[in-house]
Amino acid sequence: MTGGNANLRDPQSLQELAVDIAREAGDLARRRRAEGVSLAATKSSVADIVTEADREVEELIRERLRVECAGDGFLGEESEPSDGTTGVTWVVDPIDGTVNYAYGLPLYSVSIAAVAGSADPESWQALAGVVYAPVLGELFSAARGSGAWLDGTRLAVNTETPAGALLSTGFGYDPSTHDGDLATVRQIMPLARDLRRMGSAAIDLSYVAAGRLDGYFERGLKPWDFAAGALLVEEAGGVVTRSDTASARPMLVAAGNQVHARLSAILDNGK
Ligand code: LIP
């Protein structure tokens, strides 16, 4: 595959490439975990860690894209962004669920998305997305207009929640945000049958697309956390919105139509 403007790069070709790269990257992450994780640094807080594997996996992904998609833009969690010249930008979280990864919990994933435009979620159009959970052996993928898939099975969001909605959420690395986020959880709970906290936004979103969750909400996600997973939800018939986008911690909500409407009504009233 060579560089070219977004019009010459159909979503399904981008999906196939992203699937191939995600499998290689996820298998590297899993091997490195088995060898023992080493902390490379902390970022926004002592809880916000990056491992050597995060950096190595992102470099693998970036090098594959440099070779196969010369000229495309790149935004990754662990390296400097680069503007592209082709109209396509790759948005990558090499290991989403880094804390789970560091503790040896299986809920971590490689998240790779190709978008038309720059790495601005307010203006990009997602073309293809892949979320690969290597320990669980599950690869979720989507191409715009071609549906969302778990390996060879077509995905659809849940639309019936007779006992209430099974929801998931997450919390930021900054302890000063936790009181506000817990207040939001308290507002939401009357809508929920129960709540889950997976620790990987990409997996949360994949599970909404697969109907394993009825909805997901979280403040403060980075573009690489949700770029691929949001496309999965949309291609599975769901709705993804971001509000408070001018704030430091926009609220992302992803669900089927009815649950999304009920979640948004509560969150809007709670402002
Ligand atoms: C994580 C997200 C998760 C959120 C964590 C963290 P990371 O991304 O996937 O949903 O709750 O605070 O932001 O840092 O593991 O790539």
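Here are a few things to note about the model shown:
- Residue within the range 244-266 that is closer than 25 Å to G145 by Cβ, charged (D, E, K, R) and surrounded by fewer than 19 Cβ atoms within 10 Å (Cβ to Cβ) present: no
- Among residues of the range 210-255 being assigned to a helix (DSSP H, G or I) and farther than 20 Å from I188 by Cβ, the one that is farthest from the ligand (Cβ to nearest atom) is E235.
- Residue match in the range 173-180 (condition: assigned by TED's automatic domain parsing to the domain that holds R32, assigned to a loop (DSSP other than H, G, I, E, B) and either modelled with pLDDT under 95 or buried (at least 21 other Cβ atoms within 10 Å of the Cβ) (or both)): no
- Across the range 50-68, a minimum of one residue is classified as within 19 Å of E24 (Cα to Cα), modelled with pLDDT under 95 and either not in a helix (DSSP H, G or I) or not assigned by TED's automatic domain parsing to the domain that holds L139 (or both).
- Any hit, the range 137-152, residues being part of a loop (DSSP other than H, G, I, E, B) and touching a Gly at 6+ places or on another chain (Cβ under 8 Å): no
- Every residue from the range 35-52 that is surrounded by 10 or more Cβ atoms within 10 Å (Cβ to Cβ) and closer than 18 Å to V135 by Cβ: V37, T51
- For the range 152-172, the candidate set comprises residues that are within 17 Å of the chain's Cα centre (by Cα) and not small (G, A, S); within that set, the residue that is surrounded by the most Cβ atoms within 10 Å (Cβ to Cβ) is V157.
The values are calculated or read from the model by the stated rules, or taken from the named source; none is laboratory data. If you're wondering where the values come from, they're calculated on a predicted model, not measured in any experiment. Don't worry about glycine lacking a Cβ; one is built from the backbone with ideal geometry, like all the others, and counts go over all protein chains shown.
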